[in-house]
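The values are calculated or read from the model by the stated rules, or taken from the named source; none is laboratory data. Here the structure is a predicted model, which is why all the values come from computation and not from measurement. All Cβ positions, glycine included, derive from the backbone under ideal geometry; neighbour counts span all protein chains shown.
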Amino acid sequence: MSQSEIKLHHHRANRIGIEEAIYCAGKSDDQIGTILGQLRAVHKSCLLTRLSPESHARISAEFRPMLDYEPASRTAFFNWRARQTEPAQVAVLTAGSSDVPVAREAIRTLAYAHVDSLAVFDVGVAGLWRLTERMEEIRKYPVAIVAAGMDAALPSVIGGLFPGLIIAIPTSVGYGVAAGGATALNAILASCASGITTVNIDNGYGAACAALRVLNMSRRTGGAAVADEGDKRQPVAAWSAPSHAAKKAVC
């Protein structure tokens with residue numbers, strides 16, 4: 001294999017606050033091995049995504065001790081060292097257990113960046129009581145990542161209950177007209193709940209990166225949300241659940 005096929009981006013974190021990750025699907029064993037060798041030579045760590053168990057099993061024995069691999073998310077940390085994390089600021093939800101691998105990719109991406117998260121799995125609309133019993137806990141977090149397939153109703157439900165940033169992940173879970181996640185993506189884009197953002201189908205990595213951008217910028221600006229009021233800029237009041245007497249918004 002020619003070395004010219006690989007050109008790593010070592011300084012990306014200096015520009016955008018997020019390191020380059022290696023997307024392993026479609027890469028040959030030689031390409032992956034070359035990448036790991038180049039990283040080791042400059043004492044760099046890296047997140048690998050979409051690394052199948054089969055590809056992981058074929059990685060050279062010289063690199064295996066340097067890999068922290070999780071089959072469920074198909075992610076690996078190379079030459080990575082854990083350090084103390086900040087209190088969790090991201091809640092990661094799934095509608096069903098079948099959405100967990102995608103959510104795990106998001107959780108592992110956050111963990112690689114030393115950001116802890118709260119996992120809330122299998123709380124979809126087929127049994128809303130599972131969600132409502134966790135909502136007070138979820139509301140404590142400024143960011144929610146929500147993975148859902150089929151009709152992807154959960155992000156819209158969260159959009160009506162959660163005041164923070166919502167990053168939806170449509171997943172490819174579902175029969176027939178679910179169309180490999182296209183129906184879920186369109187449902188999220190057509191949501192009546194204002195302000196929901198979405199990433200591509202099954203893109204847990206991208207959702208986590210969106211959360212990291214927001215958290216990184218919050219740190220740079222002192223972490224206080226602000227609202228415009230004429231020439232003044234005042235902190236946004238802490239959100240609290242509306243009373244039953246509050247008027248309902250109708251879409």
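When segment 160-215 is limited to residues that are on the phi > 0 side of the Ramachandran plot and in contact with a helix residue (DSSP H, G or I) (Cβ under 8 Å, 6 or more places away or on another chain), the one that is modelled with the highest pLDDT turns out to be Asp202. With respect to the conditions (1) farther than 30 Å from Ala147 by Cα; (2) loosely packed, with under 12 Cβ neighbours inside 10 Å, Gly37 lacks only one, and its number is (2).
Within segment 19-47, being more than 14 Å from His9 (Cα to Cα) and within 24 Å of the chain's Cα centre (by Cα) holds for Cys24, Ala25, Gly26, Lys27, Ile32.
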